[in-house]
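The values are calculated or read from the model by the stated rules, or taken from the named source; none is laboratory data. Only a predicted model underlies this, so the values are computations on that prediction, with no experimental measurement involved. Every residue, glycine as well, gets a Cβ built from its backbone with ideal geometry; the counts of neighbours run over all protein chains shown.
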Amino acid sequence: MATADITAFVQKVVDAMDLDLEATAEEMPDGVRINLNGEDGNVLIRRQGEALAALQHIVAAIYRHESAEGRRLVVDCMGYRKGKDDELRQMALFLAGKAKDSGLAQEIGPLNPYERRIVHIAVAEVDKVTSESIGDAFEKTVIISVK
């Protein structure tokens, strides 16, 4: 995955939208995060980040074939997704602990594939607890239960 090409593409898109944002790349252990920062960041993150999610979808669709197996490509704006990811991870760990303590399965969702991955990775860190996605739509529910 050519990080410079992806960053340049994202920059061209936000420029075409006439947004005052600067795209920079950040290497992550499992992929690349394209960070957008600037005065117009609120345009992408309002309404629960709908525009940011749309931009993420476009970039992922275009560069999916260039991505190595297991490598993620994340587009973020002013730390919005990073903050949401951290909240989701903490919720997953909380529910995993609750499932472990009570023996009762816990549900979280509906979640898109990116969000489900965050939950599954967090739950995998907790002993004697497992998670599975259920549903047949794009957004599915994750069930967290004792092994």
Checklist entry - Among the residues of the stretch 33-44, is there at least one that is surrounded by 12 or more Cβ atoms within 10 Å (Cβ to Cβ), under 17 Å from the mean Cα position of the chain (by Cα), charged (D, E, K, R) and not assigned by TED's automatic domain parsing to the domain that holds Arg117? => result yes
Item to check | Number of the exception - Ala54 against (1) over 18 Å from Arg117 (Cα atoms); (2) surrounded by fewer than 18 Cβ atoms within 10 Å (Cβ to Cβ); (3) touching a residue at least 12 places away in the same chain (Cβ under 8 Å); (4) not charged (D, E, K, R) | outcome: (3)
Checklist entry - Across the stretch 50-100, which residue is nearest to His120 (Cα to Cα) among those that are outside any helix (DSSP H, G or I) and within 11 Å of the chain's Cα centre (by Cα)? => result Arg72
Item to check | Flag if Asp18 is loosely packed, with under 14 Cβ neighbours inside 10 Å, over 17 Å from the mean Cα position of the chain (by Cα) and either over 22 Å from Ser131 (Cβ atoms) or acidic (Asp, Glu) (or both) | outcome: yes
Item to check | Among (1) over 17 Å from Thr7 (Cβ atoms); (2) in contact with a helix residue (DSSP H, G or I) (Cβ under 9 Å, 6 or more places away or on another chain); (3) modelled with pLDDT under 90 - the single one Val129 does not satisfy | outcome: (3)
Checklist entry - What pairs come up if the first residue lies in the stretch 1-19 and is touching a residue at least 12 places away in the same chain (Cβ under 8 Å), the second is surrounded by 15 or more Cβ atoms within 10 Å (Cβ to Cβ) and of a type in the set (S, T, N, Q), and their beta carbons are under 6 Å apart, counting only those six or more places apart or on different chains? => result Met1/Ser67
Next on the checklist: Tell me whether the stretch 115-133 contains one or more residues that are free of Cβ contacts under 8 Å to residues at least 60 places away in the same chain, within 25 Å of Gln56 (Cα to Cα), touching a strand residue (DSSP E or B) at 6+ places or on another chain (Cβ under 7 Å) and part of a strand (DSSP E or B).
Outcome noted: yes
Item to check | Positions within the stretch 101-110 being outside any helix (DSSP H, G or I) and either small (Gly, Ala, Ser) or buried (at least 19 other Cβ atoms within 10 Å of the Cβ) (or both), in sequence order | outcome: Gly103, Ala105, Gln106, Ile108, Gly109
